[in-house]
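Enquirer: Right, I'll just put the structure down here and ask away after.
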Amino acid sequence: MSLFHKAAFFKSAAAFQDVPASDGEIAFAGRSNAGKSSAINALAGSRIAFVSKTPGRTRLVNFYALGAERFLVDLPGYGYAKIPAATDAPWKNFLGEYLRTRASLRGLAVVMDVRHPLTELDQMMLLWFCPTGKPVHVLLTKADKLSRAAAQKILRQVEGAIAAFAPNFSVQLFSSRKKSGLEEAQGVFRGWLEHTQTATTLPGAEMKTPGHDQGSGNKNPRAIRGNQPGANALRFKAPRSGRRSGRRPKSPTV
Ligand code: GDP
């Protein structure tokens with residue numbers, strides 16, 4: 001039986017002091033409506049995560065126990081604008097602190113709709129996470145919406161693009177609807193959980209406030225230029241929201 005088939009809801013956290021003691025966990029991030037909850041449910045083999053009809057409604061970090069103090073962690077979807085600014089800042093601080101300082105976090109799964117990969121906010125999330133030195137695995141989900149050839153073409157493009165972020169960033173096709181890509185994803189995540197230390201310290205890597213010199217941990221100037229959020233160096237469409245065009249956002253909007 002897969003490790004994830006034991007997953008059961010454990011608790012929701014609204015602040016950093018609420019997070020449980022943990023021996024290892026994998027966090028799932030992604031733009032609202034990308035298919036994150038569906039991917040978690042597909043991996044778990046049951047409907048443990050809420051599949052939303054209203055993008056961005058979930059504002060809690062949900063912990064699903066995998067046994068032996070290990071967790072799968074569902075982060076709120078980003079890119080949803082209708083959050084009052086006053087309630088937004090403490091929340092971002094919590095998420096930022098969680099992603100930057102959580103020692104038991106073994107790696108980050110980033111769920112992207114295969115038809116809209118590497119949006120500006122996705123790129124920011126990847127850049128922001130880079131200095132932790134921990135691995136990222138991108139699930140290009142809803143692959144069933146494209147022909148096999150079209151999905152493979154996007155996979156190759158995204159592979160090329162994320163290779164510039166960090167050597168321990170990887171990507172695969174996934175479909176929650178067709179249950180394809182499950183074994184590959186489970187293999188990656190199991191590997192993370194079974195190894196106590198997965199972070200590779202990048203030379204000069206240090207955490208920066210999002211939006212401020214985000215690429216400075218990467219000494220490869222070409223990679224830095226190519227990864228500037230909004231630079232569209234990746235040949236993918238910018239996120240749907242036109243309100244961000246022409247300026248560089250400060251952090252992923254959650
Ligand atoms: P989240 O906001 O990222 O958690 O996204 P959800 O998991 O709630 O999914 C958003 C919508 O996309 C829902 O209507 C899902 O049924 C649909 N969806 C999610 N994954 C897939 C998939 O692999 N294939 C297809 N065709 N639809 C999907």
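Read-outs: derived from the displayed coordinates by stated rules, not from any lab. Since we're looking at a predicted model, the values are computed, not measured.
Enquirer: Could you run the Karplus curve 6.51 cos²θ - 1.76 cosθ + 1.60 with θ = phi - 60° over the stretch 135-140 and give me ³J(HN,Hα) per residue in whole Hz, x for Gly and Pro?
Expert: Once θ is set to phi - 60°, the couplings for the stretch 135-140 become x, 10, 10, 8, 9, 8 Hz.
Enquirer: Roughly speaking, what is the centre-to-centre gap between the stretch 1-49 and the stretch 135-155 when only Cα atoms are used, to the nearest Å?
Expert: 21 Å
Enquirer: For the stretch 179-194, just list the computed ³J(HN,Hα) in residue order, Karplus coefficients 6.51, -1.76 and 1.60, θ = phi - 60°, integers in Hz, with x standing in for Gly and Pro.
Expert: 6, 9, x, 5, 5, 4, 5, 4, x, 4, 5, 4, x, 4, 5, 7
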